[in-house]
Each structure stands twice: as structure tokens, then as C-alpha cells.
Amino acid sequence: MDFDLAEEHRMLRDLVQRFVREHLLPLEPAVLARDAAGEGSALTNEERRQLDAITRPLGLWSLDVPEQEGGMGLPHVALVAVNEALGSTVAQYTLPPDSPNLRMLLATVTPEQRAAYLAPYARGETISAIGISEPNAGADPAGMRTRAVRDGDDWVINGRKIWITRAAEADFTILMAITDPVKKARGGMSAFLVDRGTPGFNVLRRIPMLGGEYTYEITLEDCRVPGWKLLGTEGQGFAPMQVRLGTRRMEMAAWCIGAAQRALDMMRNYAPQRSTFGHRLSERQAVQWWVADGAAKIHATRLMAYDCAWRLDQGRDVRTEISMLKYYATEMAQQIIDNAMQCFGAMGMTKELPLQLFAGRVRNMRIYDGPSEVHRMVVARNLMDTRA
């Protein structure tokens with residue numbers, strides 16, 4: 001097995017790493033200051049505009065958009081290193097468009113939807129969100145209660161969604177709803193394209209999360225959606241949703257590798273400089289083992305990520321591998337970041353270092369797109385057939 005990236009993918013990795021080093025890392029002090037002031041850790045609109053003006057000419061937009069849709073058509077393997085680099089900074093920036101929703105749209109759109117939604121999204125001209133979770137149905141889609149009912153040529157949607165990223169800013173939201181209450185998730189779940197400003201699509205509140213992040217809760221009150229905005233086949237929304245979730249889980253794993261590597265680098269650079277009780281921290285066995293074990297676990301996770309990405313590119317079934325990767329990567333990063341915070345002592349507890357933002361974001365990821373416990377359940381079920 002050849003573990004080397006193709007030359008063009010290595011060049012892309014190096015380009016993104018340079019972009020992070022030269023343009024995102026210098027923004028970290030401002031991000032940390034906003035977070036410390038309780039303003040969240042997101043980039044400002046002006047910062048994003050400036051970064052967009054840099055990344056687009058560099059050819060960093062539409063990386064995994066198929067060539068026939070105007071993109072580069074890069075495989076999952078090429079994107080692991082890209083997302084690892086982006087995950088190594090707390091100045092969070094997404095190279096347009098956001099891959100998970102892109103992949104779901106690619107799997108489902110009609111010609112009319114391609115022109116109205118996919119094409120501008122693939123060009124990075126619009127922002128999307130997705131509404132899956134509900135207050136009483138988080139990781140279990142079988143508990144979904146939001147209903148979509150036919151009314152002539154339209155659909156009328158009622159229900160509530162929560163933990164939606166960008167719900168207030170998105171130009172459109174991919175909304176999951178039950179269209180057959182008997183079949184529910186398996187044959188009765190459908191996806192809809194709901195535009196911002198649609199009557200009945202109401203943003204209730206912005207919810208502060210760990211790591212300076214925010215999500216939203218929304219209600220749908222007789223929200224009328226034209227029939228042509230049903231995304232994919234009626235009742236068959238579960239499989240395309242899993243395509244979207246699998247893509248996000250791959251991204252999360254790469255982000256966690258980047259964050260863990262940054263924390264490890266901070267720890268190994270700091271430990272030789274700090275002395276306690278007559279010895280440098282780098283001479284302490286506990287710190288040495290934190291560094292050694294951290295390096296081994298990052299290496300193992302990176303290999304898992306590339307293996308899973310390669311299998312995805314081959315069209316293989318990766319349900320077991322991607323669940324393994326999701327919980328292993330997030331828990332690996334959480335432990336390494338925590339060890340780095342411990343190594344820095346009181347300074348590691350401050351909001352002057354990026355470690356606390358990394359810790360909060362990775363902690364969120366242990367819940368987002370399926371908590372560790374659910375993914376362990378999936379792995380065990382697939383290995384032992386425990387469904388009976």
C-alpha cells in the first residue's frame with residue numbers, strides 16, 4: 001500500500017498549510033480577545049471577506065466539487081491534509097463550499113434544483129445549513145417528530161429543530177422531516193430545501209456552545225415549501241443524510257488531528273523551557289509520556305483517516321470504519337489537548353492561549369454528528385450483529 005499523497009495533493013497540502021500559517025494564525029489574537037470578551041470566537045464578516053479574497057485566486061474554492069459542476073473534483077484522500085491544516089488554528093475558516101451539504105446535494109438534486117441551489121452553492125456564492133436534530137430526538141432519527149404534509153403541489157412543515165449551525169445566516173436550510181409517520185426514518189423521512197425568510201421558518205434563539213461557538217433552535221409553523229423543493233425521493237432522505245454525515249465525520253477527524261498536533265507541538269516546545277523543583281518539564285517522565293503517547297496516537301489517527309478516505313474514494317462501505325474514526329479521533333484529541341493544558345499549568349487555563357478553544361470545540365465534536373457512545377454501538381452492532 002502506498003501511503004504517499006499524489007504530487008498535486010502534496011502541493012495542495014503545502015499551499016493550505018502556508019495559507020494557515022500566513023493568514024489564519026495571525027488572526028488568533030483577535031479571535032481569542034473576542035472570545036474572552038464573551039463575543040464568540042467566529043471570524044468577523046470583514047475577516048472572512050479578506051480571506052475569501054485570498055483563497056479564491058489561490059484556487060482553494062470548490063475543491064471537491066465535481067469537474068462537471070465547475071470544481072476540481074478532488075477525492076476524500078486529498079482533503080484529509082487540507083482539513084488537518086484548517087483544524088490546527090482556532091481562527092475557523094471554511095473553504096467554500098461546505099463539503100457535507102455539497103455531497104448531499106450532489107446525491108439528490110433535480111435539474112431545477114441544480115440550477116437554483118447546487119450551482120451557486122458549488123461556486124461559493126451561498127451559505128447552507130441543515131436541520132436534523134430535535135429537542136427530543138438527537139442521535140436517534142427514529143424519534144423525529146417534524147412533519148411534512150402534502151397540500152396540493154406544496155408541502156406544509158410543522159415541528160422544531162435544534163443545534164443547527166448557521167441557521168440564521170444561511171441562504172437555505174436542508175430540512176429533514178417525516179413524510180410517512182408509519183415508516184418514520186426507514187422509508188418515511190424526506191429532505192426539503194427551505195429558503196431563508198420563508199414564512200413559518202422561525203429562528204427562536206442562538207445557543208452559546210463550548211469553544212466560543214453558537215448553534216440555533218428553530219420552529220416550523222405551517223411552513224409552506226413548493227413541491228419542487230423536495231430534495232431527492234419522497235421517503236428516501238435517510239441515505240443522502242448519511243452521505244452528508246459521513247463527510248462531516250471525515251472532516252471532524254482531520255480537524256481533530258490538526259488540533260491535537262498543534263497542542264502537542266505547543267507542549268513539546270514549552271516543556272524544555274519551563275523548570276519546576278530544579279528540573280525542566282521535558283525531563284519529567286509524565287510529560288515525556290504525554291508527548292510520546294500523543295505522537296503515537298496522532299500517527300495512528302492520521303493513518304485511520306487516510307485509510308477511511310481511500311475506502312470512501314473506492315466506493316466501499318465504510319460505516320464501521322467511519323464510526324471508529326469519529327470516536328477515536330475526537331477522544332484522542334481531547335486527551336492530548338488536556339495534557340497540554342496540564343503541562344502549561346495555570347497558563348493553560350487562561351483564555352490567552354488557544355488550548356481552551358480547541359478543548360471546547362473538540363468536546364463539542366464528541367457529541368456532534370453522533371456521540372461516541374452511538375458510534376461504539378454502531379461498531380459493535382456491525383461486528384457482532386447485535387440487532388437481534
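A few points about this structure:
- The range 95-159: C-alpha gyration tensor shape, a/c 1.5 cut-off, then a/b vs b/c: oblate
- Calculated [222 nm] ellipticity per residue, helices only, for the chain: -14000 deg cm²/dmol; basis is -39500 (n - 2.57) per DSSP H run with n ≥ 4, divided by all residues, nearest 500.
- Within the chain, longest stretch free of exposed GluC sites (Glu not before Pro) [DSSP loop, at most 15 other beta carbons within 10 Å]: 170-351
- Net charge, residue 122 excluded, C-beta distance under 13 Å - Lys, Arg +1, Asp, Glu -1: -2
- When only the Cβ of Lys, Arg, Asp and Glu is charged (+1, +1, -1, -1), the dipole of the range 1-96 relative to its Cα centre reaches about 280 debye.
- Taking a Cβ cut-off of under 14 Å around residue 313, the surrounding Lys, Arg, Asp and Glu residues balance to a net charge of -2, with basic ones at +1 and acidic ones at -1.
- Solvent accessible area, Å² - residue 184, 1.4 Å probe, full protein context: 100
- Cα gyration tensor category, rounded, prolate or oblate, for the range 101-242 with a/c compared to 1.5: rounded
- Residue 210 sits with roughly 100 Å² accessible to a 1.4 Å probe, with DNA, RNA and ligands left out of the calculation.
- Residue-level accessible surface for residue 174, protein heavy atoms, 1.4 Å, Å²: 0
- Relative contact order, percent, the chain [alpha-carbon distance under 8 Å, six or more residues apart]: 16
- Basic side chains Lys and Arg get +1 at the Cβ, acidic Asp and Glu get -1 at the Cβ, and with that the dipole of the range 198-281 about its Cα centre reaches some 480 debye.
- Inter-centroid distance (Cα atoms) of the range 323-388 relative to the range 116-137, Å: 25
- Surface composition of the chain: carbon and sulfur atoms hold 51% of the protein heavy-atom accessible area at a 1.4 Å probe.
- Entries of 161/351; 183/326; 161/229; 229/326; 326/351 with Cα pairs more than 22 Å apart: 161/351; 183/326; 229/326; 326/351
- Applying the criteria of a DSSP loop state and at most 10 other Cβ atoms within 10 Å to the trypsin sites (Lys or Arg not before Pro) of the range 331-388 yields 387.
- Packing rank of 237-248, 9-20, where each peptide gets the mean count of other beta carbons within 10 Å, highest leading: 237-248, 9-20
- Rounded, prolate or oblate (a/c below 1.5 giving rounded, otherwise prolate when a/b exceeds b/c) for the range 1-96 by Cα gyration tensor: prolate
- Between amide H atoms placed 1.01 Å from N, distances below 5 Å from residue 130 occur with 165, 174, all of them 5 or more places distant or on a separate chain.
- Dipole check for the chain: with +1 at the C-beta of Lys and Arg, -1 at the C-beta of Asp and Glu, and the Cα centre as origin, the magnitude is about 860 Debye.
The values are calculated or read from the model by the stated rules, or taken from the named source; none is laboratory data. The model shown is predicted, which means the values in this text are computed figures rather than measured ones. Counting neighbours? That spans all protein chains shown, and the Cβs are built from the backbone with ideal geometry, glycine included. We work out accessible area using only protein heavy atoms, side chains counted, and drop any ligands, DNA or RNA first. Shrake-Rupley method; radii C 1.70, N 1.55, O 1.52, S 1.80 Å.
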